[in-house]
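Heads up, the thing below is written out as structure tokens.
The values are calculated or read from the model by the stated rules, or taken from the named source; none is laboratory data. All figures in this text were calculated on a predicted structure; none of them were measured in a lab. Methodologically, a virtual Cβ is constructed for each residue, glycine included, from the backbone with ideal geometry; neighbour enumeration extends over all protein chains shown. Quick note on the areas: whole protein, heavy atoms, side chains included, nothing else; ligands and nucleic acids left out. Shrake-Rupley method; radii C 1.70, N 1.55, O 1.52, S 1.80 Å.
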Amino acid sequence: MKYYSQFILASFLILGFLACETNEDPNPIPQQEEFPDLKIFLDRFEEEAKLRGYNFNFSGLDIAYVDEIRFADEVYCGYGFIRHPQTDRRTVLISKSTNCDWVNKTDIQRENLFFHEMGHAFLNLPHDNALKCDGRPLSLMTNIFIPYYIYSENEPEKRAYYLDELFDRLAANEQCIDFVQDFESDPVFLKYGFLNSMWRFSNDNGNYGITSGINEETENPFFQISSEGNGQNTGYAFIQIEVPNIPEGATVKLKTKINSENLEGPGVAIALRVYETEIGQTGATTVESHFLSTEMNPINGKLENELIELTLTNFTRKTIFMIPFAVMMPGTKGAANFDDFEVLVEPGS
């Protein structure tokens with residue numbers, strides 16, 4: 001978990017305060033350990049899971065302190081691996097770095113961070129930065145709030161909600177959710193644009209060309225997939241949308257307009273893949289819940305604003321990834337422009 005704030009230098013903290021004459025205090029407040037056994041928090045995670053009907057086996061999980069967590073130029077205070085690059089095991093690491101100030105954090109603050117990393121490592125959850133209507137995070141899996149402070153001591157109801165949502169994303173549906181936009185008046189959830197660096201392209205070892213341009217009539221950006229007909233696999237463009245903030249029960253549409261001077265061979269298509277998690281005894285697995293595609297009926301020839309679309313009904317907030325694709329089929333020759341490539345949302349009644 002990336003920590004964006006400047007942290008206080010670590011020092012040893014004694015909770016409460018000591019009287020001038022300590023012998024007169026019959027119940028001194030115990031000192032907090034600087035680096036307590038992380039199994040304390042794992043046991044607590046297990047207890048909360050059992051309260052929600054789960055009986056976990058943690059034999060495939062490693063938990064450990066490390067001196068520092070750094071990847072490239074990024075420094076983290078905790079990190080949860082579904083598969084650690086060296087061990088291939090689920091792993092939670094907590095940093096001892098003074099910048100992370102673990103030694104001065106309270107027990108509940110440490111729990112916040114540890115449970116967040118368990119969300120990554122054991123429950124296969126990505127970050128979720130959706131907000132409640134009051135501006136608070138919708139999920140413990142947020143990474144735009146300082147991870148130690150999502151809930152505090154003496155906030156049992158708040159803690160219960162965040163742990164409910166950690167194990168079951170549908171718990172968020174009981175909250176007032178800030179969807180950022182009014183889908184009734186502005187249904188466009190995502191639209192292709194040059195500045196979105198999250199778009200990815202696959203050219204099948206150079207058998208496809210993928211470029212961008214501007215439609216002179218609409219002034220909207222488009223991307224073009226072209227080929228000389230040598231593609232052995234599909235050529236495609238896609239973007240992975242993590243934890244889409246879309247209302248429960250909404251209808252989601254993927255659509256685009258295709259323009260081509262003369263597309264020979266099978267032609268082009270679009271597809272939509274949707275994923276969620278299933279929690280098992282040894283942790284969660286990520287499964288494909290929906291696959292929609294027009295690849296069985298690609299279009300070709302001379303195309304002028306030829307509309308193709310897919311419809312996903314009854315969207316659920318269990319969704320953790322949604323991936324729209326623009327596809328050119330193997331053996332296709334020519335170039336096709338994907339204009340107005342967008343994802344639309346129609347809220348449920």
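Numerical summary
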| read-out | value |
| --- | --- |
| Loop-located trypsin sites (Lys or Arg not before Pro) in the stretch 37-107, at most 12 other Cβ atoms within 10 Å (DSSP) | 83 |
| Structure-based [θ]222 nm, the chain - -39500 (n - 2.57) summed over DSSP H runs of at least 4, per residue, nearest 500 | -3500 deg cm²/dmol |
| The chain: angle of helix 107-121 to the longest principal axis, Cα-based, in degrees nearest 10 | 30 |
| Solvent-accessible heavy-atom area per residue, rounded to whole Å², over the chain at 1.4 Å | 51 |
| Distance in nm between pseudo-label sites at residue 204 and residue 108 (7 Å out along the Cβ direction from Cα) | 5.8 |
| Gaussian network model of the chain, springs between alpha carbon atoms under 10 Å - residue of 103, 180, 268 with greatest fluctuation | 180 |
| Positive-end residue, the chain charge dipole about Cα centroid, Cβ charges, pick of 51, 285, 188 | 285 |
| Residue (of 143, 226, 161) at the positive-pole extreme of the chain, dipole from beta-carbon charges | 226 |
| Carbon/sulfur fraction of accessible area - the chain, other protein chains in place, 1.4 Å, % | 47 |
| Angle in degrees between helix 39-51 and the longest Cα principal axis of the chain, rounded to the nearest 10 | 60 |
| Order by protection proxy (mean Cβ within 10 Å, highest first), peptides 225-234, 208-217, 323-332 | 323-332, 225-234, 208-217 |
| Max mean-square fluctuation residue, GNM over the chain, Cα-Cα springs under 10 Å, options 309, 288, 219 | 219 |
| Alpha-carbon centroid distance for the pair the stretch 152-180 / the stretch 286-349, whole angstrom | 33 |
| Net charge contributed by nearby residues that have their C-beta within less than 15 Å of residue 240 (K/R +1, D/E -1) | -2 |
